[in-house]
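Following: one structure in structure tokens, then a few remarks.
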């Protein structure tokens, strides 16, 4: 647990003690005149590998003095990583970065995104289009010249490898890159806590901290309720593709959701946070007797599933009508809100799962991200 003091507004008085309770990918340390944010590609346990950003509130009358102070104290840090907040003219290269801007009514600070029509949230899409927000593409299709011409204060990117990693070429073109590792978190609350990370760059620390506390309390309340259940239904995840069945590791994001929802997950004892890949027969031997089947990507109905593999008719979850997709909020273009706003709403996802697994616990709850296949 990392406990720090944050500062907000023109008074720069200690506001609250903001704890990073669950996220492993970043930490915050506040000094008297600035805040240091460190991002860890492999989690805080691997502190030798990290990227540091130094944030200074623009409203300070002595902003340039503090800027020089940070530069002198940390000569190895590129000056591009000494950033005035709140940031303006941002380029965001992932849909998961946008919801905090909407929550804090800061969409006007977004100058460009990767692809507007790939977003699920119609409110965000219409606002961005009205604002004249540009599209710069992503990965190998990133329009570097357009991005540079925007003159962004920051470009926020995912911490990924391969052709989708645009950080190096963006930095080479003179732009300030802020890496965000939200999707690497292995717990639902850890992923949601990246709201605080984005809140810092928007100068909205207080709101981000208060928002997270409310989500955390609702989540823990629901998990505590489900934790009292003795009989736990068994769950299988995903659907096989190209002869392989990809299963979330027991140390990962979805496995934690299932544990907190009071489910029995056959691979819960595997320590990996990454996905596990098996042949279809290995997983099917476990899946055939699972009570609930979640996340059938691309399947619109039970008939779609059994049409892809007749063996699925034998599955207990299929015979019992307990096949559930996470695409209740999916646009016609295929954008799924489970992956856009869902990371910031783990309490709603958990309520959905509890409702599916233990219908009597939340009789008033209506499914939000999930739906039963018919």
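Below is a table of values for the structure above.
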read-out	value
Difference of contour (0.36 nm per residue) and Cα-Cα distance, residue 32 to residue 206	60.9 nm
Global geometry of the range 47-87, whether rounded, prolate or oblate, following the gyration tensor of its Cα atoms and the 1.5 cut on a/c	oblate
Alpha-carbon gyration tensor eigenvalues x 5, square-rooted, for the range 145-274, Å	35, 23, 9
Cα convex hull of the range 166-215, projected area averaged across orientations, nm²	4.0 nm²
Cα-based equivalent ellipsoid of the range 2-216: semi-axis lengths in Å, sorted from largest, via gyration tensor	25, 20, 19
Alpha-carbon Debye profile of the range 204-298, log10 I(q)/I(0) at 0.11, 0.13, 0.14, 0.19 Å⁻¹	-0.41, -0.54, -0.61, -0.92
Length gained when the stretch residue 364-residue 246 is fully extended (0.36 nm per residue, less Cα-Cα span)	39.1 nm
The range 119-187: Rg to Rh, with Rh as the Kirkwood radius over Cα pairs	1.00
Approximate spin-label separation residue 108-residue 289, in nm, with each point projected 7 Å along Cα-to-Cβ	6.2 nm
Principal axes of the range 227-372: Cα extent on each, largest first, Å	37, 37, 29
Residue 143 paired with residue 172, simple spin-label distance in nm, labels 7 Å along Cα-to-beta-carbon	2.1 nm
Cα-based equivalent ellipsoid of the range 229-272: semi-axis lengths in Å, sorted from largest, via gyration tensor	20, 12, 8
Area projected by the alpha carbon convex hull of the range 293-374, averaged over all directions, nm²	5.7 nm²
Ratio of the Cα radius of gyration of the chain to 2.2 N^0.38 Å, where N counts its residues	1.06
Separation of the residue 62 and residue 372 label points, Cα + 7 Å toward Cβ, nm	6.5 nm
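Throughout, read-outs are computed from the coordinates displayed, never taken from laboratory work. Because the structure is predicted, anything quoted here is derived from the model rather than measured. Quick reminder, even Gly has a Cβ in these numbers, built from the backbone with ideal geometry, and neighbours come from all protein chains shown.
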